[in-house]
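Written below as structure tokens is the structure these notes are about.
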Amino acid sequence: MALLLLVRHGHSTANADAVLAGWTEGVGLTERGRDEVARIAARLTEVPIARLVTSPLQRCRETAELLLPGASAEVLDDLGECHYGAWTGRPISELTRDPLWRTVQDDPASARFPASDRYAAESLTEMAHRVVSAIARIDAEVEAERGPEAVWVAVSHGDPIKAVLADAVGAGLAGLQRVHVDPASVSLVRRTGDRVMVLAVNSAGDALGRGLTTVPATVPAGDATVGGGTG
């Protein structure tokens with residue numbers, strides 16, 4: 001029953017330039033992004049974090065450092081951004097005119113990004129599998145090592161976080177574009193019994209207090225409270 005805080009990196013230079021960063025090197029946080037992450041960090045000062053993992057990309061590593069100053073972040077390639085291949089570094093306004101854009105929007109499970117000599121390419125399905133699998137593996141490790149009430153943090157990117165949330169609500173990759181996560185947003189997920197429960201999505205941090213509360217002991221693990229929450 002460990003609680004996962006999924007944090008998207010703060011506003012980056014690529015966000016400011018409206019380009020698809022992907023695995024481009026040297027994309028860091030803007031001042032706006034640093035301020036956004038600092039506001040979330042202020043809400044975590046009293047929360048004991050069992051584990052902090054992050055994508056290897058600069059904007060995520062910077063976010064992790066600001067989020068939990070002094071903590072040792074574990075860098076994990078599987079939490080990295082989708083490999084967009086030849087789409088990497090291109091303006092979003094240009095990509096919207098590519099026929100593949102509609103596939104990404106309407107049928108993400110069949111979308112594969114074009115090959116590139118410079119950047120790796122993968123499908124959204126492959127991206128989702130590696131990220132969801134990594135999250136499930138780490139969650140199990142955290143619970144085994146620190147107990148069912150442990151809280152851990154994963155810092156990643158928009159599409160990977162959306163994939164985890166879409167999987168958590170049972171929508172699968174077909175529901176990828178029905179989820180929205182802003183830079184410097186927090187989404188809360190708790191695995192209880194055989195079910196994954198989404199407690200908050202795309203929060204600026206205001207949902208952390210509510211999400212960190214435990215499920216009432218009267219409710220069996222994995223079950224939702226009929227009629228809604230009791231708190």
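With each run of n ≥ 4 DSSP H residues scored as -39500 (n - 2.57), what mean residue ellipticity at 222 nm is computed for the chain after dividing by its residue count and rounding to the nearest 500 deg cm²/dmol?
Computed ellipticity for the chain at 222 nm equals -10000 deg cm²/dmol.
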Rounded to the nearest whole number, the Stokes-Einstein translational diffusion coefficient of segment 21-127 at 37 °C and 0.692 mPa s (Kirkwood radius, C-alpha pairs) in µm²/s is 209
Between Thr103, Met127, His180, whose Cα lies farthest towards the positive end of the dipole of segment 80-185 when Lys and Arg beta carbons carry +1 and Asp and Glu beta carbons carry -1, centred on the Cα centre?
-> Thr103
For segment 19-110: relative contact order, % (alpha-carbon pairs under 8 angstrom, 6 or more apart) | 36
Per residue convex hull volume, Cα atoms of the chain, in Å³ | 121
How much length, in nm to one decimal, is gained on full extension between Asp182 and Ala42, taken as 0.36 nm per residue of separation minus their Cα-Cα distance?
-> 48.5 nm
Of all accessible surface on the chain at a 1.4 Å probe, what whole percent is carbon and sulfur?
-> 50
Mean-position separation - Cα centroids, segment 159-178 and segment 6-48, in angstrom = 21
Can you run the Rg to Rh ratio on segment 1-74? Use alpha carbon positions and the Kirkwood inverse-distance Rh.
-> 0.98
Nearest-0.05 FRET efficiency for Arg34 and Trp101, computed from C-beta distance (R0 22 Å) | 0.10
Taking the convex hull of Cα positions in segment 109-170, its mean projected area over all directions (nm²) | 5.4
Estimated dipole of segment 1-117 in Debye, rounded to 20 [Cβ of Lys and Arg +1, of Asp and Glu -1, Cα centre] | 240
The FRET efficiency for Glu126 and Ser93, from their Cβ-Cβ distance with R0 = 35 Å and rounded to 0.05, is 0.85
Quick one: grab the alpha carbon gyration tensor of segment 152-207, order the square roots of its eigenvalues as a ≥ b ≥ c, and give me rounded if a/c is under 1.5, else prolate or oblate depending on whether a/b is larger than b/c.
-> oblate
Relative to the Cα centre, what is the charge dipole magnitude of the chain, using +1 at the beta carbon of each Lys and Arg, -1 at the beta carbon of each Asp and Glu, and rounding to the nearest 20 debye?
-> 340
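Suppose all protein chains stay in the model; what accessible area per residue would a 1.4 Å probe give for segment 92-155, in Å²? Each step should come with its number before you reach the end.
Numbers: 3400 Å² over 64 residues.
On a per-residue basis, segment 92-155 sits at 53 Å².
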For an R0 of 30 angstrom, estimate the FRET efficiency from the Cβ-Cβ distance between Arg137 and Asn202 and round to the nearest 0.05.
-> 0.75
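The values are calculated or read from the model by the stated rules, or taken from the named source; none is laboratory data. These figures come from a predicted structure and were not determined experimentally. Cβ: placed from backbone, ideal geometry, glycine included. Neighbour counts: every protein chain shown. These area figures cover heavy atoms from the full protein model, side chains too; ligands, DNA and RNA do not enter into them. Shrake-Rupley method; radii C 1.70, N 1.55, O 1.52, S 1.80 Å.
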